[in-house]
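Some notes on the structure that comes next.
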Amino acid sequence: MEPPGPTPQRTPVTTWRTIRSSVAALLAVVLIGTAGYVVLEGWPWLDALWMVVITLTTIGFGEVHPLTPAGRLFSLGLILGGVAVATVTFSRLTSVLLDGEMIRVFRQRRKERRMKALHDHFIVVGYGRLGRVIVGDLLRSGAEVCVVERDAAIASNLETQDRVPVVHGDGASDAVLRTAGIERARGLAIALPSSAEAVYVSMSAQQLHPGLEIVTRVDESEATDRARRVGARQVVSPYQIAGWRMAHGLLKPSMARFLDLATFSMESPFSVDEVEVPKGSPYAGRTLSEMRLGSEHKILVVAIQRADASLVPTPGAMEKLASGDTIIAIGTPDHLVRFHAMLAGGR
């Protein structure tokens, strides 16, 4: 004789359904019992409800009012059927509370509401060493982030921290990406260690959200073209970037330190930012010279990316701005914030 298999664990969905069905059955018994005493005995609603409660809980306070033969038969049916329903309901609720399932159900419901509320957020697929850095930087910038992680232990630990919403599953799965709100996302970062998996995730994301800003990690140079062909806008090789930084740290140490300060240091007095010229901006059509960015706003414009993705490096003073342009500028965080507001129409 084979030993019995393990008892299957209830999921939050089935647990919630069990709770709802049990409570609904108990409420139905209470309503039917109350209405029965009102109709058969002519009692007030409050007296009828009290009679049902003391009957189902088997308190034994006695009858509220003397019962007719019809009322006694009805009470007998209420005792045989209603008490059984009440017992099952209370036992299920007790089991759920003692097993901690109620907490898991509420956490799951809270997670679902949180996921549905995500909009214009960033999705990070893979929460390894690289993924943790990406998530940390995005959160520090004030962005909303959702993590997709297939390792159950990592996903559970991240959920416990409650820093960001987490979707446990394969990032190449359409269902998982939809759960993460891919259609409403602003961008996707793929931090998986396998270049082949990163390409599959890029392909799935591009199909679900054409035109999405996708940045993916690759380790092999031959995977770069494949990732771009399937939708990745930017392809990053950690080894290539690290090698470039170390080589320039030896060859051009001052330039390397400046770039570190501008892009990586949180204590730096200045930073590099990109500022879009929105549609309807009063500065569209004006030159950089007319805006007096250096003298009045302490902003240095190092490049302009046009709406057609062409790049204008080190633009001159007579370079005109247009709606949809993205200005790459250097300045202090406060000056850059004011620059954003100025282009949007403020001062």
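The values are calculated or read from the model by the stated rules, or taken from the named source; none is laboratory data. Since this is a predicted model, take the numbers as computed values, not measurements. Here Cβ is always computed from backbone atoms with ideal geometry, including for glycine, and neighbour counts include all displayed protein chains.
Quick notes on this one:
- Residue match in segment 141-159 (condition: in contact with a Lys or Arg (Cβ under 9 Å, 6 or more places away or on another chain), free of Cβ contacts under 8 Å to residues at least 24 places away in the same chain, acidic (Asp, Glu) and surrounded by 14 or more Cβ atoms within 10 Å (Cβ to Cβ)): no
- Qualifying residue in segment 292-311 (condition: under 24 Å from VAL133 (Cα atoms) and over 34 Å from the mean Cα position of the chain (by Cα)): no
Residues are listed down the side, and each one gets a yes or a no for (1) in the same structural domain as THR160 (by TED's automatic domain parsing); (2) modelled with pLDDT of 85 or more; (3) touching a helix residue (DSSP H, G or I) at 6+ places or on another chain (Cβ under 9 Å):
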site: PRO6; (1), (2), (3): no, no, no
site: TRP16; (1), (2), (3): no, no, yes
site: ILE32; (1), (2), (3): no, yes, yes
site: LEU40; (1), (2), (3): no, yes, yes
site: ASP47; (1), (2), (3): no, yes, yes
site: GLY62; (1), (2), (3): no, no, yes
site: LEU78; (1), (2), (3): no, no, yes
site: PHE90; (1), (2), (3): no, no, yes
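- Scanning segment 212-224 for residues being β-branched (Val, Ile, Thr) and assigned to a helix (DSSP H, G or I) gives a total of 1.
Rundown of residues vs (1) assigned to a helix (DSSP H, G or I); (2) closer than 19 Å to SER204 by Cβ; (3) not charged (D, E, K, R), yes/no style:
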| site | (1), (2), (3) |
| --- | --- |
| ARG226 | yes, yes, no |
| ALA232 | no, yes, yes |
| GLN240 | yes, no, yes |
| TRP244 | yes, no, yes |
| ALA247 | yes, no, yes |
| MET255 | yes, no, yes |
| PHE258 | yes, no, yes |
| LEU261 | yes, no, yes |
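- Among residues that are modelled with pLDDT of 85 or more and at positive phi, ASP137 is not included.
Residue by residue, here is whether (1) buried (at least 19 other Cβ atoms within 10 Å of the Cβ); (2) assigned to a loop (DSSP other than H, G, I, E, B); (3) of a type outside the set (Asp, Glu) holds:
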residue	(1), (2), (3)
ARG178	no, no, yes
ALA189	yes, no, yes
LEU192	yes, yes, yes
SER204	yes, no, yes
GLN207	no, no, yes
PRO210	no, yes, yes
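- Residue within segment 219-231 that is surrounded by 13 or more Cβ atoms within 10 Å (Cβ to Cβ), of a type in the set (S, T, N, Q) and modelled with pLDDT of 90 or more present: no
- Residues of segment 52-77 that are under 50 Å from the mean Cα position of the chain (by Cα), closer than 17 Å to ALA35 by Cβ and touching a residue at least 24 places away in the same chain (Cβ under 8 Å): VAL52, THR55, LEU56.
- Odd one out for VAL85 among (1) in a helix (DSSP H, G or I); (2) at pLDDT 80 or above; (3) under 22 Å from GLU149 (Cα atoms): (3)
- Complete set of residues in segment 232-245 that are of a type outside the set (D, E, K, R) and either in contact with a Gly (Cβ under 9 Å, 6 or more places away or on another chain) or surrounded by fewer than 20 Cβ atoms within 10 Å (Cβ to Cβ) (or both): GLN234, VAL236, SER237, PRO238, TYR239, GLN240, ILE241, ALA242, GLY243, TRP244
- Boolean, VAL164 is surrounded by 12 or more Cβ atoms within 10 Å (Cβ to Cβ), at pLDDT 75 or above and at negative phi: yes
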